[in-house]
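Novice: Starting off with a structure, shown below.
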Amino acid sequence: MSQQIQKLLEDIRNNDDKKIILYTMEHCPACKELKGKMEHLNIKYENVEMENNEKMWEWLKETSGGKDYVPQVSVEGKLLNEYEEINDLMGLVITEIIGRRIVIK
């Protein structure tokens, strides 16, 4: 588990009002899956639709080091753009909520 994931989990534990933004596209299966997981866990998030949103694509590519795909997730301005990292964070949040270790794939 990366230090970034550990830090984000710690931040979430300490403050449940963290601003979470999902950058998604309506017809993206991975985006739908991620939104479903977030909603199932009752995690509040803001969704930014990327389809036909050239200005946001430019910003996202610049911010993410050139990565031009979705989904990407921002937690308090810290961008997660690898789906494995996103799933790691989700798994840890669920683990924290239910009190036993799980892994999301």
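Novice: Can you run down the residue pairs with Cβ atoms below 9 Å, 6 or more apart or on separate chains, where the first is in the stretch 1-24 and among the charged types (D, E, K, R) and the partner is at pLDDT 70 or above and surrounded by 14 or more Cβ atoms within 10 Å (Cβ to Cβ)?
Specialist: Taking only residues 6 or more apart or on different chains, the pairs are D11/V75; K18/L8; K18/V75; K19/Y45; K19/S74; K19/V75.
Novice: Are there any pairs, at least 6 apart or on different chains, whose C-beta atoms fall under 6 Å, with the first in the stretch 41-66 and closer than 23 Å to L92 by Cβ and the second modelled with pLDDT under 95 and in a helix (DSSP H, G or I), and if so, which?
Specialist: Sorted first by the residue in the stretch 41-66, then by its partner, the pairs are Y45/M38.
Novice: Also, I was wondering about something else. Given the conditions (1) over 15 Å from L8 (Cβ atoms); (2) surrounded by 14 or more Cβ atoms within 10 Å (Cβ to Cβ), report the number of the one that W59 does not fulfil.
Specialist: Looking at each condition in turn, W59 falls short on (2).
Novice: Please indicate, with yes or no, whether at least one residue in the stretch 57-79 is among the acidic types (D, E) and modelled with pLDDT under 85.
Specialist: Yes.
Novice: Hey, another quick one. Does V103 satisfy the criteria of being modelled with pLDDT of 90 or more and touching a helix residue (DSSP H, G or I) at 6+ places or on another chain (Cβ under 7 Å)?
Specialist: No: the conditions fail for V103.
The values are calculated or read from the model by the stated rules, or taken from the named source; none is laboratory data. Predicted model, so just to flag it, every value in this text is computed and none were measured. In this analysis, Cβ positions are derived from the backbone assuming ideal geometry, glycine residues included, and neighbour counts consider all displayed protein chains.
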